[in-house]
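Below is one structure, written out as structure tokens; comments come after it.
The values are calculated or read from the model by the stated rules, or taken from the named source; none is laboratory data. Keep in mind that this is a model prediction, so the values were computed, not measured. Here Cβ is always computed from backbone atoms with ideal geometry, including for glycine, and neighbour counts include all displayed protein chains.
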Amino acid sequence: MNFKKRLLITIGIPLAICLILALALFFIGSNITNQTAQIEKLKGDLFNRQQLAQSLANLKQGTEQVQPYIAELENILPSQDQLLGFSRDIGIIAKQNKLNLNTTLGQQISQNGDGLRQTDFTSTAQGTFDNFINFLKSLENGRYFIKLNTLDLTGQDGDFKMLMNGQVFSL
């Protein structure tokens, strides 16, 4: 029995140590695999954040380049408040071109609530043909963006009457 006991101890202890080492290596390997996956995920997150930071830096640089032009871009179309002066402004243009003009603003249409707005208008005027041509040229070069739907010009004895329907655009 002494021999069996000794043999069991001689074989059992190294076998137990090998088993404990194998289990330890398995758990360490599993832990390393988990840590590696976590490191890969963090590297991916870091890469995405670097890309976002680079994009933000590019946008900021683009904003600095565009800054001098922002005021001009905002002044391309009048605001809704400035559109209230539309009737007065084209009345001034009409007087400069010796026309009697009456303008009324109608319904306002907005595509998405805060963006581009279209306001219907109707104008009637009386004057000479040349004055109408000059008026339309001045209107075309004015600060308002206008889309004419109808322009009805009728004449009698050198005196013309005009009916104009369209939209004026604003922000």
Point to revise | Breaking point among (1) over 24 Å from the mean Cα position of the chain (by Cα); (2) outside any helix (DSSP H, G or I); (3) in contact (Cβ under 8 Å) with a residue 40 or more places away in the chain, for Tyr144 | key: (1)
Check your understanding: If you go through the range 121-140, how many residues are more than 14 Å from Asn97 (Cα to Cα) and either of a type in the set (Gly, Ala, Ser) or not in a strand (DSSP E or B) (or both)?
Key -> 1
Revision key, fill the gap. Sole miss for Gln80 among (1) more than 27 Å from Ser170 (Cβ to Cβ); (2) surrounded by 10 or more Cβ atoms within 10 Å (Cβ to Cβ) is condition (1)
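Condition test on Leu153, is it under 24 Å from Arg117 (Cα atoms), surrounded by 12 or more Cβ atoms within 10 Å (Cβ to Cβ) and modelled with pLDDT of 85 or more?
Numbers: under 24 Å from Arg117 (Cα atoms): no; surrounded by 12 or more Cβ atoms within 10 Å (Cβ to Cβ): yes; modelled with pLDDT of 85 or more: yes.
Against the criterion (under 24 Å from Arg117 (Cα atoms), surrounded by 12 or more Cβ atoms within 10 Å (Cβ to Cβ) and modelled with pLDDT of 85 or more), Leu153 does not qualify.
For (1) assigned by TED's automatic domain parsing to the domain that holds Phe129; (2) assigned to a helix (DSSP H, G or I); (3) loosely packed, with under 10 Cβ neighbours inside 10 Å, each residue gets a yes or a no:
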{"site": "Leu7", "(1), (2), (3)": "no, yes, no"}
{"site": "Gly12", "(1), (2), (3)": "no, yes, no"}
{"site": "Leu15", "(1), (2), (3)": "no, yes, no"}
{"site": "Leu21", "(1), (2), (3)": "no, yes, no"}
{"site": "Glu40", "(1), (2), (3)": "no, yes, no"}
{"site": "Glu64", "(1), (2), (3)": "no, yes, yes"}
{"site": "Pro68", "(1), (2), (3)": "no, yes, yes"}
{"site": "Thr103", "(1), (2), (3)": "yes, no, no"}
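Does Ser55 fit the bill of being surrounded by 10 or more Cβ atoms within 10 Å (Cβ to Cβ), part of a helix (DSSP H, G or I) and of a type in the set (Ser, Thr, Tyr)?
On the way: surrounded by 10 or more Cβ atoms within 10 Å (Cβ to Cβ): yes; part of a helix (DSSP H, G or I): yes; of a type in the set (Ser, Thr, Tyr): yes.
Yes; evaluated as a whole, the condition is true for this residue.
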